[in-house]
Amino acid sequence: MSSPKAAAKAAPKAARKGAPAISAEPSKSEKAAFLKAMMEGIKPGSLAAQKSAAKKEPGAKLLGKVPKAKAAPAPKTAAAKPARAASNKAGEGPKVEILRKISGASGVARTPESERAFALAKELDAALVEGKIDIIQAPAMQALLGALCRVYAANEDAGNRYPILAGRAAVTGTDVMIVCGALLKAVDLQVFELGMWQSWAGR
Amino acid sequence: MAEQFVSKASEFKDGDRQIIRLGEQEIGIFKHEGNFYAYSNFCLHQGGPACEGLTIAGVKEHLREDKTSAGLYFDEKSMHFVCPWHGYEYDMFTGEQVADRKLKLKKYEIVQKGDEVYVVA
């Protein structure tokens with residue numbers, strides 16, 4: 001005769017025996033379904049899409065199924081907006097809601113000087129690719145770098161602060177160290193003096 | 001599939017983009033070199049806002065004849081956008097993930113009528 005304790009222990013084991021075996025390795029069909037889902041991406045309206053939206057908007061609830069969006073209201077003045085009314089009829093589809101507008105990088109010249117600067121930069125880059133590193137003579141390089149330093153510093157002082165290099169500039173860390181080192185040397189500054197100034201000035 | 005008005009074309013400058021919600025879908029609309037491209041804003045990796053990250057040209061390398069490097073450069077003929085969550089990078093012209101071209105964001109057609117921009121969805 002078994003004790004009550006032994007019976008209690010045996011019961012879960014029996015239940016586990018009846019349950020389907022859990023395999024760590026997914027079946028072939030599960031793997032195929034997973035790959036198919038990866039290829040298709042997240043379908044709008046799916047639970048995954050809702051989870052993604054909930055991550056972006058912590059207040060949003062996961063409902064399991066997204067309710068159908070309300071039909072777009074009819075244009076108030078159909079005659080005033082004939083083209084839009086023709087394509088975007090009431091009840092034809094959900095309404096477009098603009099979530100955000102993101103401005104592009106301003107790589108467009110707005111002054112003649114900027115236009116010339118863009119053209120010169122492009123010309124220098126092209127010459128560098130061809131190995132013509134002496135396309136600019138030393139005095140011209142000194143004049144250009146000096147003027148750029150003064151103009152950038154004046155903007156910085158005036159509160160017009162922007163990154164000195166564009167996000168898309170292909171300048172390596174080594175390039176920067178070479179130029180910064182040369183600039184410091186040119187004005188007889190040591191690296192520790194730069195560090196001190198930065199800590200005092202809070203920059 | 002219906003055309004839905006999005007915006008005035010004149011409000012879209014080159015390089016600009018808009019993220020719109022259309023029913024259950026979120027769509028990123030890009031304007032690049034005068035052309036419009038629209039893709040699902042759900043990243044194939046983990047559902048991040050794929051169309052809201054950095055836009056960047058493809059990086060290539062100049063090689064001299066002896067195969068030594070003459071430096072990296074941005075290939076202006078290609079343009080990518082990068083999901084800000086984990087860096088999945090997509091081709092702006094096709095919506096393909098650049099590391100694995102089999103993975104593709106859902107593409108939406110954009111129709112321009114005069115000064116008005118419509119998305120077909």
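The values are calculated or read from the model by the stated rules, or taken from the named source; none is laboratory data. Here the structure is a predicted model, which means the values were calculated and not measured. FYI the Cβ positions are ideal-geometry reconstructions off the backbone, even for glycines, and counts take in every protein chain you see. Note: accessible area is taken over every heavy atom of the protein model, side chains too, but ligands, DNA and RNA are not part of it. Shrake-Rupley method; radii C 1.70, N 1.55, O 1.52, S 1.80 Å.
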Average the reciprocal distances over every distinct pair of alpha-carbons in segment A:133-203, invert the result, and give the Kirkwood radius in Å. 14.1
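Distances longer than 23 Å among the Cα atoms of chain B: what percent of all pairs is that? If you can, show how the numbers build up before the last one.
Numbers: 2542 of 7260 pairs.
Every Cα pair in chain B considered, those over 23 Å come to 35 percent.
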Here the residues of segment B:64-82 lying in the modelled label zone of A:Val171, meaning backbone nitrogen under 18 Å from a point 7 Å along Cα-to-Cβ, are B:71-74
Note: A:Leu35 to A:Glu97 extended length (0.36 nm per residue) minus current alpha-carbon separation gives 19.1 nm
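Only Cα pairs under 8 Å and at least 6 apart count here; give the relative contact order of chain B as a rounded whole percent.
Working: 253 pairs, mean separation 32.9, N = 121.
Worked out over chain B, it gives 27 percent.
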Could you let me know the centre-to-centre spacing of segment B:60-121 and segment B:4-18, using Cα atoms, in angstrom? 19
Heavy-atom accessible area, 1.4 Å probe, ligands and nucleic acids excluded: residues of segment B:54-74 down by at least 30 Å² from chain alone: B:His62, B:Phe74
Rotationally averaged projected area of segment B:75-121 (alpha carbon convex hull; nm²): 4.8
Relative contact order of segment B:68-121 (C-alpha contacts under 8 Å, at least 6 apart) in percent is 17
With a 10 Å cut-off between alpha carbons and a GNM built on chain B, which of B:Leu72, B:Leu44, B:Leu103 moves the most? B:Leu72
R0 of 22 Å, Cβ-Cβ distance B:Gln46-B:Ala9: FRET efficiency to nearest 0.05: 0.10
Among the GluC sites (Glu not before Pro) in segment A:107-153, which ones are in a DSSP loop with at most 16 other Cβ atoms within 10 Å of the Cβ? Mind listing them? A:Glu130
Can you pull out the GluC sites (Glu not before Pro) in segment B:45-106 whose DSSP state is coil and whose Cβ has at most 10 other Cβ atoms within 10 Å? B:Glu65
In range of the label at B:Val98: residues from segment B:29-69 whose backbone nitrogen is under 12 Å from the point 7 Å along Cα→Cβ: B:54-61
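Tell me which trypsin sites (Lys or Arg not before Pro) from segment B:1-87 have a DSSP coil assignment and no more than 13 other beta carbons within 10 Å of their own.
Numbers: sites: B:Lys8, B:Lys13, B:Arg17, B:Arg21, B:Lys31, B:Lys60, B:Arg64, B:Lys67, B:Lys77; in loops: B:Lys13, B:Arg64, B:Lys67.
Answer by residue number: B:Lys13, B:Arg64, B:Lys67.
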Pairs from A:Lys28/B:Lys107; A:Lys95/B:Lys113; A:Lys122/B:Lys67; A:Lys36/B:Lys77; A:Lys101/B:Lys106; A:Lys122/B:Lys31 whose Cα-Cα separation, in the structure shown, is over 28 Å: A:Lys28/B:Lys107; A:Lys36/B:Lys77
